[in-house]
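These notes are about the structure you will find just below.
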Ligand SMILES: Nc1ncnc2c1ncn2[C@@H]1O[C@H](COP(=O)(O)OP(=O)(O)OP(=O)(O)O)[C@@H](O)[C@H]1O
Ligand SMILES: Nc1nc2c(ncn2[C@@H]2O[C@H](COP(=O)(O)O)[C@@H](O)[C@H]2O)c(=O)[nH]1
């Protein structure tokens, strides 16, 4: 058990404990990890639009503006920071709603290391802390025309409160009935390539001559809504996902024959003859990879649609009675104000502050249990347990209940 120092907004007024002689504006924290100090400006003046990170490398005496990945927190009037280990810093925003209070800056996680290697620059990555967890996403893959979209639509129609679709980005033109933001985010190649470079995509692939990709946000918004995410992606995308940090169930849908696949693509009538030919040529290699690459946890044959749908539900555990209620977590307690202090006991963080009510001068506490954290940058960090700690009077002593 030990207590780590938190850098409080008001403690920083005299300057940073970083040896660089920088003066704080009162909205910054400085957190030392190894031989680096991470100075984070939460932006309490109106001039900045989001948190800003600077890194001071004590070994070289240099100041670095790192490449910042993930979702960057919006500014707030005050925040605190505490190093959790050698790769994460926890940030607590004062006077913010619970869903926006807790943020993680990754400075040396495998994701950050990989991005540092590939970019050759200092990289840090933000992720928002979220209460509760969600079930593993479901990746559905298979050749064009096999029936992935049809099966996914059936699942979403029967279980609208359980599943949400990951809306991909694509550079292909919309089909007649397709709506931007619903079926795909239809986008320009340049814009998509820029976003890919900035680390906004979990995977992307060139499929049948167009660029397709799953953004981090596409998967996270589904999970934020408390739903299980379903992805419809090609085999290359599934391979990238398998190698990524996304812990998912991988399902490959196989056609009964190439002749049937061709018939379905013609019957759908959404592609030209030339495009159908290209899709059929690609299908051969995809089927070989789908059946033999070891990427997929399950292979389903879509001969009879109803039978295939039944098998899909069975493997997802949906063939019996289903509890379709989603669990909501109430925001039933006060959040920390701008001035608060933070300490740590093992995997628990204790946030202490004074009650804002003038009549009530008592000390308040919030506990944060980090034991079950999952995910992280470039998506969300899920599994935060946040709870009020009740102070109970025991004669002249106050006892704090930690659970
Ligand atoms: N088991 C089946 N038997 C006959 N037709 C089917 C079956 N499953 C799907 N279809 C039909 O095949 C066509 C292609 O299906 P769908 O659009 O779902 O394929 P897809 O795998 O999503 O294709 P793409 O990857 O190109 O988006 C549709 O017209 C659909 O109604
Ligand atoms: N790697 C990815 N593949 C994707 C994604 N979204 C869709 N797809 C695949 O593209 C083909 C063609 O789709 P269509 O809508 O043009 O018929 C199909 O196999 C989809 O599975 C994605 O985000 N990443």
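Here are some notes:
- Where labels lie 7 Å past Cα in the beta-carbon direction, separation of residue 158 and residue 133 in nm: 2.6
- Values of log10 I(q)/I(0), in the order q = 0.08, 0.14, 0.15, 0.18 Å⁻¹, for the stretch 138-315 under a Debye, Cα-only, solvent-free model: -0.23, -0.75, -0.88, -1.34
- A straight chain from residue 173 to residue 190 at 0.36 nm per residue would run longer than the Cα-Cα distance by 4.6 nm.
- Inter-centroid distance (Cα atoms) of the stretch 37-104 relative to the stretch 130-161, Å: 35
- Sorting 198-205, 263-270 by average packing, meaning the other beta carbons within 10 Å per residue, from highest down gives 198-205, 263-270.
- Linear extension gain, residue 268 paired with residue 117, 0.36 nm per residue minus alpha-carbon span: 49.9 nm
- Relative contact order, whole percent, for the stretch 138-315 stands at 32, derived from Cα pairs under 8 Å and 6 or more residues apart.
- As a rough footprinting exposure proxy, the listed residues 182, 373 were ranked by other beta carbons within 10 Å of their own, and the order from fewest upward is 182, 373.
Read-outs throughout are calculated quantities, based only on the coordinates presented, and are distinct from any laboratory measurement. As the structure is a prediction and not an experimental result, all values here were calculated from the model. Cβ: placed from backbone, ideal geometry, glycine included. Neighbour counts: every protein chain shown.
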